[in-house]
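Visitor: I have a structure I would like to understand better, so I am pasting it below and will then ask my questions one at a time.
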Amino acid sequence: MRTNYITDNMSITNPSQIEKMYIQYFMNGVPHGIELGVDNLDACFRLDKGKLVVVTGIPNMGKSEFIDFMCVQYNKLYGMKTLYFSPENQPLPMHIDKLCKRFEGKKFDTSQLDDARAIEVRKYIYDNFFFVDYNKEYKIEQLALIIERLVYTSGVDILVIDSHNKLLHDLTKNETEVIGRELDMLERLAKRLNIIIILVAHPR
């Protein structure tokens with residue numbers, strides 16, 4: 001007996017799209033990656049849009065500081081904007097102060113809070129760096145909706161999740177399966193939105 005199959009055209013990559021990607025690949029080669037403007041680092045690694053990057057290491061080794069450095073460099077060099085889900089960087093005013101220092105090379109003390117340059121730098125940060133409300137709890141699906149909206153409304157290029165264990169997870173299912181599904185979701189999200197997703201994962 002012959003079985004009739006229904007073809008879901010929405011799930012099949014259009015041949016014209018494949019041909020376009022094929023030509024671009026062989027004309028341009030593998031993407032060079034986005035440089036940080038630091039020779040020693042650029043010789044070791046370069047990130048690229050459409051990618052999920054996992055940053056790990058033992059506590060208090062500077063993961064969050066290094067991520068801040070990368071995001072500020074990408075903004076300085078390419079105008080890239082960042083959305084932070086970073087409960088590790090609390091309180092929020094302290095995180096803002098860290099970013100100000102990255103831009104200016106110094107912190108502004110209390111006597112300079114009303115200084116014109118200090119106000120200008122903070123305003124620039126508010127226009128280019130966005131921060132999820134840490135008073136609420138979020139599942140990864142909720143973050144996906146937030147970043148998608150900001151990509152289209154504000155031109156955000158980077159999502160930082162610092163760290164993975166601060167998200168709400170389905171504890172009724174196998175932890176390994178849950179993590180695998182979430183990583184797969186983030187990979188597909190980065191590719192679909194053409195953004196960089198930086199995920200901090202503690203070893204334990």
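The values are calculated or read from the model by the stated rules, or taken from the named source; none is laboratory data. As the structure is a computational prediction, the values presented were derived from the model and not from experiment. FYI the Cβ positions are ideal-geometry reconstructions off the backbone, even for glycines, and counts take in every protein chain you see. Just the protein is used for accessible areas: all its heavy atoms, side chains included, with ligands, DNA and RNA removed. Shrake-Rupley method; radii C 1.70, N 1.55, O 1.52, S 1.80 Å.
Visitor: Would you check if GLU19 is assigned to a helix (DSSP H, G or I) and either modelled with pLDDT of 85 or more or more than 18 Å from TYR126 (Cα to Cα) (or both)?
Guide: When the stated conditions are applied, GLU19 passes them.
Visitor: Any residue at all in segment 123-136 that's touching a strand residue (DSSP E or B) at 6+ places or on another chain (Cβ under 9 Å) and of a type in the set (Lys, Arg)? Steps first, answer last, please.
Guide: First, the residues of segment 123-136 that are touching a strand residue (DSSP E or B) at 6+ places or on another chain (Cβ under 9 Å): 127-132, 134.
Add one more test, that the residue is of a type in the set (Lys, Arg), and what stays is none.
There is no residue in segment 123-136 that is touching a strand residue (DSSP E or B) at 6+ places or on another chain (Cβ under 9 Å) and of a type in the set (Lys, Arg).
Visitor: Sticking with this one: Can you go through PHE103, PHE108, PHE131 and tell me which one is surrounded by 13 or more Cβ atoms within 10 Å (Cβ to Cβ) and either farther than 18 Å from PHE69 by Cβ or touching a Ser or Thr at 6+ places or on another chain (Cβ under 6 Å) (or both)?
Guide: Within the list PHE103, PHE108, PHE131, the selection yields PHE108.
Visitor: How many residues does segment 113-128 contain that are open to solvent by 50 Å² or more (accessible area, probe 1.4 Å) and not in a loop (DSSP other than H, G, I, E, B)?
Guide: Count: 9.
Visitor: If I ask for residues that are part of a loop (DSSP other than H, G, I, E, B) and of a type in the set (Asp, Glu), which ones from segment 166-192 would you list?
Guide: Result: ASP170, single match.
Visitor: Out of everything in segment 162-180 that is surrounded by fewer than 14 Cβ atoms within 10 Å (Cβ to Cβ) and of a type in the set (D, E, K, R), what residue ends up being nearest to GLN142 (Cα to Cα)?
Guide: Once the filter is applied, the top-ranked residue is ASP170.
Visitor: Look through segment 45-85, keep the residues that are among the aliphatic types (A, V, I, L, M) and not in a strand (DSSP E or B), and return whichever of them is most open to solvent (accessible area, probe 1.4 Å).
Guide: Step by step, filter segment 45-85, then rank; the result is MET61.
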